[in-house]
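Worksheet: one structure, shown below.
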Amino acid sequence: MSDLYWDPASRLSFLDLLNRNAIGEYFEQTFRRIDGEKIFALENGIGMRSETGELVQVIGYFLDITDRKKLEASFLQAQKMEAIGRLAGGIAHDFNNMLMVILGFTDVLAMKNTADNEQLRYLGEIRKATTRAAGLTQQLLAFSRKQVLQLETFSLNAAIEETAKNDLAADRRRCHAASQPAGFGAEYQGGPGQIVQS
C-alpha cells in the first residue's frame, strides 16, 4: 500500500500518529494514481491493537480533495497576480508622472531652440522615446486595472524601423542594426508597444 503514497514516508507518519493517538483524522496526504498523476486526499483511520498494545490493523477511508487543492492554488495565483497588478500600477503611475516632466522640459527646450535644427532633431528623438515609454506605462496601468488594451492598426515596417533606430541611437558602440522592410503593406493590429517589447 505504501506504493500509493507519493512519499512513502508520509504513510509512516500517519501510522506513527495512530500509534500515539489511536485515531487519525483529516491527515493530508499526497497519493499517486494508477496513471501516475498526483492527487490529494485526507486520510482518516482508527488503529486496532493487539492484546499487547501493538498496532496490527488500520480501518479507515480517504477523502479526495484534489479539486479543492486546485481551486486553492488558482485562488492563491489570482491573489498573487492582483498584488503584482497593484504594484505594477503604482510604479507605472509614478514613472508616468516623471515621463510627463521630461516631455514638458523637452517641449520648453524645443521652443527655446527653434533656430538650431540639430538640437531640435535630438529633442525630437527624446520626445519620441519618452512617448514610447509612456505607452508602455499605459500597458502596465491597463494590466493593473484589468482593462482591455485598445487595438489599433499600424505599419509593422515602420514600427520595426523606429525600434531599430532608437536602439542604435542608445548605444552606437555595441549596436549594429540592419532591416529589410517587407515589400508589401505589412499591417498589424494591436499595440505598438507590444512590438517594441518583443
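Just so you know, all these numbers are worked out from the coordinates, no wet-lab data involved. From a predicted model like this one, the values you see are computed outputs, not experimental measurements. We place every Cβ from the backbone using ideal geometry, glycine too, and count neighbours over all the protein chains shown.
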### Message
Going by amide H atoms built from the backbone, whose H comes under 5 Å of the H on TRP6, apart from near neighbours?
### Response
THR30, PHE31, ARG32
#### Entry: Segment LYS69-ARG127, extension gain: residue separation times 0.36 nm, minus the distance between their alpha carbons
15.9 nm
### Query
Taking neighbour Cβ counts within 10 Å as the exposure measure, how do LEU76, LEU140 sort from fewest upward?
LEU76, LEU140
### Phi-based couplings in Hz for the stretch 86-95 (Karplus 6.51, -1.76, 1.60; Gly and Pro marked x)
5, 5, 4, x, x, 5, 4, 5, 5, 5
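Averaging sequence separations of C-alpha pairs under 8 Å and six or more residues apart, then dividing by the length of the stretch 2-64, give the relative contact order as a whole percent.
Computed value for the stretch 2-64: 26 percent relative contact order.
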### Query
Whose amide H sits under 5 Å from the amide H of MET48, counting only residues 5 or more places off or on another chain, with H placed in the peptide plane?
VAL56, GLN57, VAL58, ILE59
### Query
Which whole-Hz ³J(HN,Hα) couplings does the stretch 39-47 yield from phi under the Karplus relation 6.51 cos²θ - 1.76 cosθ + 1.60, θ = phi - 60°, glycine and proline marked x?
10, 10, 8, 9, 9, 10, x, 10, x
#### Entry: Farthest toward positive dipole pole in the stretch 1-148 [+1 Lys/Arg, -1 Asp/Glu at C-beta], among THR52, THR131, PHE75
THR131
### Task
Would you grab the residues whose amide H sits under 5 Å from the one on ILE65? Only those 5+ places off in sequence or on another chain, please, with H modelled 1.01 Å from N.
PHE40, ALA41, LEU42
